[in-house]
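Written below as structure tokens is the structure these notes are about.
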Amino acid sequence: MDRTVLHSDLNNFYASVECFLNPALTGHPVAVAGNPEMRHGIVLAKNYEAKRCGVQTGEALWQAKQKCPDIIFVPPHYDKYIEYSDAVRSIYKEYTDMVEPFGLDECWLDVTGSGKLFGSGICIADEIRKRVKRELGVTVSVGVSYNKIFAKLGSDMKKPDATTVIDREHFREKIWHLPAADLLYIGHSTAQKLSRYGINTIGDLAGADRKFLSYLLGKNGLMLHSFANGLDNSPVRLFGADPPEKSISCGNTASRDLISDDDIKIMLITLSEKVSERLRSKGFLCKTVQLCVRTYDLASYVRRTKLTYPCRTAREIYEAAYFLYKSNHPKNIPSRSVTVGACDLISDDGEQFSFDPDIARIQRRESLEAARDLLCQKFGNGIITRGLLMTDESLCTVNLKNTPGILPGRMEMG
């Protein structure tokens, strides 16, 4: 028997909460925006009125203003968003204990065992939509399917306040004509790669040769081929069950453009130390370092490199990140924000001393950095620091964003 999986997506969540809390905003184009004075001057979320004017999430505020002169910018209130998110999840949990969050505004629900109490998946989805709107004043779109990938796709197909069903019998005619980029885990880069070989729709992807997809995208190509053919068997986790950590990252939007090598070094050292500290606190080593850079014009790139040995020292993470920067960053282009990530995590499993001189050197650094962690925990982060960081403290203290674990939202696999 097929499962019944829902994917519930709160419509324009941040902007909807702001409009509900301040009814004077209703009917006007509204965007939740970062603070332009703190270099966060981009659109974080927008309502449908702003969307109809062409405003897009992630663009600069001046660009949004050009498209929509009457737009109203409001600052984010994350405490309220968390409060609403918790309230919505409380409603979900009345129908099933298998509720898996996907960011603050999205959740999967497995209601396979709930039918005798609450009716079909469509009935449950419609009831959830009505309750969320009535009790919380915001709307939600729900996809109903037999797997997580199609349920997610369904919730995206019709907005706002809608229920969309994608069943096993009719999914081909319903979704195969859609762009491949609509499928979860296909980002811009992957979509471009596929398009170069004539794979533009989900149906194209479903019919593509598996060996070719494996050559083009590695194991991700095989996974995406299975998804396009409706072969996703991934379970919905019990509410509160933590997903396995796949990465630990830390990012910072700088208080000014990063122009010189020293600017970049300060930022990378700061972020690498934070990532290294978290790896130790969670008992992980990493085998890969990832660097994400957004330039002053909001263009961005992501690069990865394998480490010679699994480790978690700030020195090795920093050197790998700096290598990625020097190898890939276009000359004379200022950077706006930087994120350093540790990927391919493995448990340290009681790391043993090695006579290999390179590994032994890394282990000595690990001991020193662990001692530094203890000093900072006891006396504060400023008790011991690197000399270079003192040349511009604003770059290593302002707007530090902690992003451990798997980030919500669309993941880029290209």
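The values are calculated or read from the model by the stated rules, or taken from the named source; none is laboratory data. Quick caveat: nothing in here was measured; it's all calculated off a predicted structure. Please note: Cβ atoms are built from the backbone with ideal geometry, for glycine as well, and neighbour counts cover all protein chains shown. Just the protein is used for accessible areas: all its heavy atoms, side chains included, with ligands, DNA and RNA removed. Shrake-Rupley method; radii C 1.70, N 1.55, O 1.52, S 1.80 Å.
Give me a count of the residues in the range 289-306 that are in contact with a Leu (Cβ under 9 Å, 6 or more places away or on another chain) and farther than 21 Å from HIS188 by Cβ.
Number of matching residues: 2.
Taking the conditions exactly as written (touching a residue at least 40 places away in the same chain (Cβ under 8 Å), closer than 28 Å to ILE42 by Cβ and out of contact with any strand residue (DSSP E or B) (no Cβ under 9 Å at 6 or more places or on another chain)), does ASP262 satisfy them or not? Don't jump to the end; show me each part of the working.
Numbers: touching a residue at least 40 places away in the same chain (Cβ under 8 Å): yes; closer than 28 Å to ILE42 by Cβ: yes; out of contact with any strand residue (DSSP E or B) (no Cβ under 9 Å at 6 or more places or on another chain): yes.
Considered against the rule, which asks whether it is touching a residue at least 40 places away in the same chain (Cβ under 8 Å), closer than 28 Å to ILE42 by Cβ and out of contact with any strand residue (DSSP E or B) (no Cβ under 9 Å at 6 or more places or on another chain), ASP262 comes out as yes.
Would you mind listing the strands (runs of 3 or more DSSP E) fully within the range 208-319 where at least 3 residues are within 17 Å of ASP348 (Cα to Cα)?
284-295, 300-311
Mind checking which residues of the range 102-143 are open to solvent by 50 Å² or more (accessible area, probe 1.4 Å) and either within 24 Å of SER16 (Cβ to Cβ) or assigned to a loop (DSSP other than H, G, I, E, B) (or both)?
LEU104, SER120, ILE122, GLU127, LYS130, LYS133, ARG134, GLU135
What are the residue pairs meeting all of these: first residue in the range 6-22, first residue at positive phi, second residue basic (Lys, Arg) and surrounded by 24 or more Cβ atoms within 10 Å (Cβ to Cβ), Cβ atoms under 9 Å, and 6 or more apart or on different chains?
What qualifies is ASN12/LYS46.
Take the conditions of a type in the set (A, V, I, L, M) and open to solvent by less than 20 Å² (accessible area, probe 1.4 Å) and apply them to ALA241. Does it pass?
no
So in the range 163-193, with the set limited to residues that are out of contact with any Leu (no Cβ under 8 Å at 6 or more places or on another chain) and open to solvent by less than 10 Å² (accessible area, probe 1.4 Å), which one is nearest to MET223 (Cα to Cα)?
Going through the qualifying residues, I end up with GLY187.
Just one of VAL30, VAL99, VAL43 is over 20 Å from PRO160 (Cβ atoms) and open to solvent by less than 10 Å² (accessible area, probe 1.4 Å); which is it?
Matching residue, one of VAL30, VAL99, VAL43: VAL99.
Return only the number of the condition from (1) polar (S, T, N, Q); (2) more than 21 Å from the chain's Cα centre (by Cα); (3) part of a helix (DSSP H, G or I); (4) closer than 20 Å to VAL132 by Cβ that GLN63 does not satisfy.
(4)
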